[in-house]
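Chemist: The following block contains the structure, expressed as structure tokens.
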Amino acid sequence: MNLRVNGEVVTVPDSVRTIKGVIDHFNINNPVIIVEHNDTILDKNAHEKTQIFEGDKIELVQFVGGG
Amino acid sequence: MNDRYSRQTLFAPIGEKGQRRLKKKHVLLVGAGALGTGNAESLVRGGVGKITIVDRDYVEWSNLQRQQLFVESDAIERIPKAIAAKKRLQQVNSEVEIEAHILDVDPQEFESLIENVDLIIDATDNFDIRMIINDISQKYGVPWIYGSCVGSYGISFTIIPNQTPCLHCLMETVPIGGLTCDTAGIISPAANMVVVYQTAEALKILTEDWGARREKLVSFDLWKNEESKINVSSLRKADCTSCGVHPTYPFLDYENQTKSAVLCGRDSVQIRPAKKEKRDLETIAQTLSSMGKVEQNPFLLSFTVEKKRLVLFQDGRTLIHGTKNISEAKTLYHRYLG
């Protein structure tokens, strides 16, 4: 399935079906991440149940500490 | 008069009017690392009225790759960053008032530093201090610009009290773990890019061009060629204890503060005594000289022992280099410094 993640088109395996799956697919283990799914900010409790479909637009924003 | 600012005033959205406004403004810059030196240089060159720089650390060789105000002699002499930055900035623009504090700033000190400040710029390296900045910003109604970076990634967001969500709304809690400069390193363009976003927003706010403000949270990865701008206004929470209807400013409470911390990008731990008191570096140097190598400058004392280096500042704050283990650091601190 093709998704647009942070502006880039990426192909993910069909086994990736939810936002949580996308986060895991990219090996992101940052506890503070904001997800925008098709222009809507998701509640963090909704990552697991929110399904994704071909062509979805996803923005993954991680909070980091350095400076 | 010279034409120092002519190219900036030619830029129509700023103009002579914006330049006059900028000259009357006071920025509090927290941190003088990569983000701090970049922001400071841009704002000082641009002609901000006053800038107060607060930093707890001193210059090391590993800083020179990206911290643009520092030179080799600063690292050799271990000059505190706030002092080294001020020196260079005064050479850049003597018209700007520059105040430097060697300080691991706590909420009480913030309450005096915030006086007459128009904007706070975050150039820190941890979320403990950012949550304090966030509460101070809300309590005193002063906007602040969050910025951070690691590896090739960076993020920035401008927080305006009573308008935008605050950092507490966005993060809910202070994060534990995650990527740091220790694990992922940092390349200078990532820091510079965050500086660019922060300085552009700062210029808009300081020249009072509020309509031009970027309202979205921006993040990017320069190595993966990714960029993202998202609208986070829906994350503003009416019951937020920092910016909501009944704020309690929880991060200004003493109990919520970290007294010791592992420093980002450094094999080091900082110990901050609960009570600040001026230490007599001369006497301490004499006591320690029989046990290890002691070096001194007017601001700090460096003591090398057991393959570790302890750096003691006048206010009692100590950096323990050569360990990331807080309890080991505390042991060393108490063994040699009481």
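Chemist: Determine if the stretch B:207-220 includes at least one residue that is in contact with a Leu (Cβ under 9 Å, 6 or more places away or on another chain), in the same structural domain as B:Asn325 (by TED's automatic domain parsing) and not hydrophobic (A, V, I, L, M, F, W, C).
Modeler: No - not one qualifying residue is present in the stretch B:207-220.
Chemist: Does the stretch B:132-168 hold any residues that are open to solvent by less than 10 Å² (accessible area, probe 1.4 Å) and either charged (D, E, K, R) or within 11 Å of chain A (Cβ to nearest Cβ) (or both), and which are they?
Modeler: B:Asp135, B:Tyr146, B:Gly147, B:Ser148, B:Cys149, B:Val150, B:Gly154, B:Ile155, B:Ser156, B:Phe157, B:Pro165, B:Leu167
For every residue, the table says whether it meets (1) within 14 Å of B:Ala191 (Cβ to Cβ); (2) at pLDDT below 95.
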| position | (1), (2) |
| --- | --- |
| B:Gln19 | no, no |
| B:Ala34 | yes, no |
| B:Val48 | no, no |
| B:Asp57 | no, yes |
| B:Gln68 | yes, no |
| B:Val71 | no, no |
| B:Asp74 | no, no |
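Chemist: Return the residue satisfying two criteria in turn: it lies in the stretch A:27-38 and is more than 8 Å from chain B (Cβ to nearest Cβ) and closer than 20 Å to B:Lys216 by Cα, and of such residues it is surrounded by the most Cβ atoms within 10 Å (Cβ to Cβ).
Modeler: A:Val35
Chemist: Let me ask something else about it. Any residue in the stretch A:11-37 that is over 14 Å from A:Gln51 (Cα atoms) sitting within a Cβ distance under 7 Å of a residue that is open to solvent by 70 Å² or more (accessible area, probe 1.4 Å)? List the pairs, counting only those 6 or more apart or interchain.
Modeler: Final answer for the pair search is A:Asn30/B:Leu179; A:Pro31/B:Ile176.
Chemist: For the stretch B:104-111, does any single residue satisfy the condition of being within 23 Å of B:Pro250 (Cβ to Cβ), open to solvent by less than 30 Å² (accessible area, probe 1.4 Å) and assigned to a helix (DSSP H, G or I)?
Modeler: yes
Chemist: Name the strands (runs of 3 or more DSSP E) wholly within chain A that hold at least 3 residues that are of a type outside the set (Asp, Glu) and under 26 Å from B:Ser148 (Cα atoms)? Reasoning before the result, please.
Modeler: Working: elements: A:2-5, A:8-11, A:33-37, A:57-62.
Where strands (runs of 3 or more DSSP E) fall fully within chain A and carry at least 3 residues being of a type outside the set (Asp, Glu) and under 26 Å from B:Ser148 (Cα atoms), they are A:33-37, A:57-62.
Chemist: Name the single residue, out of those in the stretch B:253-267 being open to solvent by 30 Å² or more (accessible area, probe 1.4 Å) and over 27 Å from B:Trp61 (Cβ atoms), that is modelled with the highest pLDDT.
Modeler: The first filter runs over the stretch B:253-267 and keeps only residues open to solvent by 30 Å² or more (accessible area, probe 1.4 Å), leaving B:253-256, B:258-259, B:262, B:265, B:267.
Going one step further and asking which of them are over 27 Å from B:Trp61 (Cβ atoms), we end up with B:253-256, B:259.
Working: B:Asp253: 87, B:Tyr254: 68, B:Glu255: 67, B:Asn256: 64, B:Lys259: 71.
So, considering only residues that are open to solvent by 30 Å² or more (accessible area, probe 1.4 Å) and over 27 Å from B:Trp61 (Cβ atoms), the one modelled with the highest pLDDT is B:Asp253.
Chemist: State which residue is least open to solvent (accessible area, probe 1.4 Å) when the search covers only the stretch B:7-28 and only residues that are without any contact (Cβ under 8 Å) to a residue 24 or more places away in the chain and more than 21 Å from B:Ile51 (Cα to Cα).
Modeler: This residue is B:Gly15.
Chemist: To continue, here is another question. So A:Arg17 passes all but one of these: (1) crowded, with 19+ Cβ neighbours inside 10 Å; (2) more than 8 Å from chain B (Cβ to nearest Cβ). Which condition number does it fail?
Modeler: Of the numbered conditions (1) crowded, with 19+ Cβ neighbours inside 10 Å; (2) more than 8 Å from chain B (Cβ to nearest Cβ), the odd one out for A:Arg17 is (1).
The values are calculated or read from the model by the stated rules, or taken from the named source; none is laboratory data. Note that the structure is a prediction, hence the values are computed from the model and not measured. Every residue, glycine among them, receives a Cβ derived from its backbone with ideal geometry; neighbour counts consider all protein chains shown. Heavy atoms of the whole protein, side chains included, go into the accessibility calculation; ligands, DNA and RNA do not. Shrake-Rupley method; radii C 1.70, N 1.55, O 1.52, S 1.80 Å.
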